[in-house]
Amino acid sequence: MSHPIKLTGEVEMALNGLNGYAQCFFGAGCELGPIFESKLLVVEDYCRNLGRQSSLILFSMFRQFALNLRKPSDNPSKLVGEAFNEEQVLSELEGSAHFQTLRDSSSLRVQLAFVFWNEADMIDLLKILETYPLQDQFAARLHNRLAFTGLAAFAMCHRKDCASYKALGEKCMSRFKFLSKNGSVNARPVYLFLKSMKSPSRDAFSKAIEACAEGKFVNLEAMVNERYAAFLREENDEAASNDCITEAYFLYQDWGAHAKALQLSKDHSFLKKLRRKTTRSFAHTVGSNNNTATASVMSAGSDDPASKEKMTFSFNSTLKQRKLV
């Protein structure tokens with residue numbers, strides 16, 4: 001019979017590994033969907049059978065996060081639904097358990113608030129997250145938390161009542177700047193995205209989009225395109241803005257964030273008339289003999305080449321290691 005202390009250590013290592021897997025999955029922008037959610041359900045059962053309540057809470061939280069991105073809900077930046085109810089769970093916790101769970105739920109929620117652009121929730125969540133130290137023993141968890149804390153901070157610091165968040169954003173960005181200079185392929189897209197949010201410009205957004213596309217971070221690429229579209233709209237460049245929104249719309253679908261894609265289609269009616277001519281699939285990328293793969297978008301129901309509205313994008317097809325370091 002195995003020694004109980006050894007078994008405890010093995011279970012702890014397994015749960016930490018599964019936590020890291022989920023964090024890397026989200027950070028790398030891997031495709032969301034029922035298959036991933038079913039894996040989380042298996043882990044939840046594993047935690048339930050072992051009596052690991054804290055881990056059960058965490059993986060239920062992960063599943064609700066994925067569901068919010070994939071399925072429409074009344075308030076997608078709130079973690080409440082079929083898998084998890086943040087308010088109820090937090091009301092039953094105290095001490096360090098409450099402190100850590102609030103950190104984890106707020107880290108996921110600030111990402112949802114940024115994606116679905118809920119400014120009120122971003123501000124509320126920044127008030128919570130700024131109280132936590134900018135260190136963590138788990139690199140992937142820290143990567144995701146600081147990335148979206150920084151993005152939300154820069155997004156809100158342009159408001160007069162939130163100017164103080166600029167300093168928080170710069171603290172977060174300094175980590176990604178350091179990692180980028182030391183060769184981290186995972187940090188560079190985040191760093192350039194943060195720079196574009198801090199000091200918006202055509203050049204800054206273009207560099208961020210290129211880095212996200214080259215690194216194959218489809219989630220970040222979708223978000224940068226959407227933010228660039230908002231910037232171009234303020235510059236009264238409606239045509240370019242619509243191109244970026246179209247790009248973001250299909251990228252969100254590639255990510256599996258169909259609830260976000262639906263939100264965009266409601267906000268921009270012209271998207272409902274578009275369909276993809278060529279999908280931007282993983283197989284297409286790997287099978288390409290060129291340095292880039294291309295896809296195009298045209299108006300639905302139009303067979304006349306002269307009337308087709310096309311938008312072509314290219315991205316680097318080089319496969320890169322996706323270990324968040």
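Would you point out the residue of the range 59-76, among those that are open to solvent by less than 20 Å² (accessible area, probe 1.4 Å), over 19 Å from Leu262 (Cβ atoms) and not hydroxyl-bearing (Ser, Thr, Tyr), that is farthest from the chain's Cα centre (by Cα)?
Within the range 59-76, the match that is farthest from the chain's Cα centre (by Cα) is Phe59.
Show the residue pairs meeting these rules: Cβ distance below 8 Å; 6+ apart or different chains; first residue within the range 33-61 and free of Cβ contacts under 8 Å to residues at least 40 places away in the same chain; second residue open to solvent by 50 Å² or more (accessible area, probe 1.4 Å) and assigned to a helix (DSSP H, G or I).
Short answer, once both residue conditions are applied: Val43/Leu18; Cys47/Gln53; Leu56/Arg48.
Among Arg52, Arg109, which is the only one that is of a type in the set (Lys, Arg), closer than 20 Å to Val42 by Cβ and open to solvent by 10 Å² or more (accessible area, probe 1.4 Å)?
Arg52
Being under 19 Å from Leu32 (Cβ atoms), open to solvent by 20 Å² or more (accessible area, probe 1.4 Å) and under 18 Å from the mean Cα position of the chain (by Cα), is that true of even one residue in the range 88-106?
Among the residues of the range 88-106, at least one is under 19 Å from Leu32 (Cβ atoms), open to solvent by 20 Å² or more (accessible area, probe 1.4 Å) and under 18 Å from the mean Cα position of the chain (by Cα), which makes the answer yes.
Output the residues belonging to the range 112-122 that are open to solvent by 40 Å² or more (accessible area, probe 1.4 Å) and not in a helix (DSSP H, G or I).
Listed by number, the residues that qualify are Trp117, Asn118.
The values are calculated or read from the model by the stated rules, or taken from the named source; none is laboratory data. Computed from a prediction, not measured in an experiment: that's the story for all the values here. Cβ sites come from the backbone with ideal geometry, for glycine too, and all protein chains shown count toward neighbours. Just the protein is used for accessible areas: all its heavy atoms, side chains included, with ligands, DNA and RNA removed. Shrake-Rupley method; radii C 1.70, N 1.55, O 1.52, S 1.80 Å.
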